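Trainee: This is the structure I want to talk about, given as structure tokens.
The values are calculated or read from the model by the stated rules, or taken from the named source; none is laboratory data. Predicted model, so just to flag it, every value in this text is computed and none were measured. Glycine also receives a Cβ, built like all others from the backbone with ideal geometry; neighbour counts cover every protein chain displayed. All accessible areas refer to the heavy atoms of the entire protein, side chains included, with ligands and DNA or RNA removed. Shrake-Rupley method; radii C 1.70, N 1.55, O 1.52, S 1.80 Å.
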Amino acid sequence: MEQTYIKTYVINLPKDTERRIYITKEISKIAYLDIEFVDAVDGRELGKEKLSENFDFKKSKNYQSYDLLLGEVGCTLSHLECYKRLLASDQEFALIVEDDIGFKWNEPYDDILKISARYIRSKKPLVLLNFAFFDYMGKGISVKDNYKIYKTYKAASATIYFINRQAANMIVSAGPPFWVADDWSLFRRKGIRIDALYPSFVYHNDNSCSSIGSERKKRTLRFPRSWMEFRVLADEGFRILLKKLGIMKHKEFIRYRE
């Protein structure tokens, strides 16, 4: 049965009432979004011991080569909860939204969201990023005016995106997470297609999305100690080579409201 509305999970910390009021006002601009708030996991408040009940810190350290911030872990678990809710529903797909976005007033976001909803209806596992920084190859698929959808090779940001049941099931069934929420390269290697819409019809309302990023420790290169690490290193080397050859290109959005 085709969805006549778009199931939308909005991630918000219960204590951030001002943000809840703000994002409710923003999303109310689109009448056909069926909104369900998901209480964000506050990793910094819960602490590592409590988070370890649902997150594999040991595997994460081996994979990342550094310790994730507790806020990053909480963010990952918040997005995972959205996937679980999608799988518990009868919906084909869902829109995942973080609470620090705004819709640009002069962009056709109403039409673009409907186009995205049609696009995400696929029998194959698929994610469609509606705001991301990404590397890609090819010309992309024109969908409306100057909007195109690109197949990404590497992407960052989990601000707003569509995910279908097949992709959600692959992520949830992988067991306790050890990744960050926007590790789209890992999901691509697992067989999920990661596409991105460009340009974006949203903006970041403030600089909160960078508060975690600014605290991140730089990843240190080392000799791979597992097949997983070898694939990550080979993947990165291949991406750098293709970018130097001009075969792979990059798209980037302005993060904040001008």
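Trainee: What accessible surface, in Å², does a 1.4 Å probe find on residue 45, ignoring ligands, DNA and RNA and rounding to the nearest 10?
Mentor: 130
Trainee: Suppose all protein chains stay in the model; what accessible area per residue would a 1.4 Å probe give for the stretch 1-112, in Å²?
Mentor: 51
Trainee: So how far apart, in nm, are the two label points at residue 87 and residue 4 if each is 7 Å from Cα heading toward Cβ?
Mentor: The two pseudo-label positions are separated by 3.0 nm.
Trainee: Please arrange 4, 17, 24, 159 by accessible surface area, largest first, computed with a 1.4 Å probe and ligands excluded.
Mentor: Ranking 4, 17, 24, 159 by accessible area, largest first, yields 4, 17, 24, 159.
Trainee: Output the antiparallel fraction of DSSP beta bridges having both residues in the chain, as a percent to the nearest 5. Present the calculation step by step, with values, prior to reporting the outcome.
Mentor: Values: 25 of 41 bridges.
Around 60 percent of the beta bridges assigned by DSSP in the chain are antiparallel ones.
Trainee: Same structure, new question: What pairs from 144/249; 124/148; 58/249 go past 28 Å between their alpha carbons?
Mentor: On the way: 144/249 21 Å; 124/148 20 Å; 58/249 34 Å.
Cα-Cα > 28 Å for 58/249; rest within.
Trainee: Same structure, new question: Mind checking which of 70, 245, 128 has the largest fluctuation in a GNM of the chain, springs on alpha carbons under 10 Å?
Mentor: 245
Trainee: Going 7 Å from the Cα of residue 16 toward and past its Cβ, which residues in the stretch 49-92 have a backbone nitrogen under 18 Å from where you end up?
Mentor: 69-83
Trainee: Next up: So who's got an amide H within less than 5 Å of the one on residue 42, skipping anything under 5 residues away but keeping other chains? H placed 1.01 Å off N, in plane.
Mentor: none
Trainee: Can I ask one more? Please report the orientation-averaged projected area of the stretch 58-195, defined via the convex hull of its C-alpha atoms, in nm².
Mentor: Convex hull of Cα atoms, orientation-averaged projection: 8.9 nm².
Trainee: How would 29, 7 rank on accessible area, largest to smallest, probe 1.4 Å?
Mentor: 29, 7
Trainee: Would you calculate the volume per residue, in Å³, of the smallest convex hull containing every Cα atom of the stretch 1-136?
Mentor: For the stretch 1-136, the hull spanned by Cα atoms encloses 148 Å³ per residue.
Trainee: Moving to a separate point now. Report, to the nearest whole %, how much of the accessible area of the chain belongs to carbon and sulfur atoms, 1.4 Å probe, protein only.
Mentor: On the way: 7050 of 13400 Å².
That fraction is 53 percent.
Trainee: Still on this structure, I have one more. Which aspartates and glutamates does residue 243 reach when only Cα atoms under 14 Å apart count, and residues fewer than 8 places away in its own chain are ignored?
Mentor: Excluding near neighbours in sequence, the set is 135, 235.
Trainee: Compute the relative contact order of the stretch 1-62 as a whole-number percentage, counting only Cα pairs closer than 8 Å that sit 6 or more residues apart in sequence.
Mentor: 41
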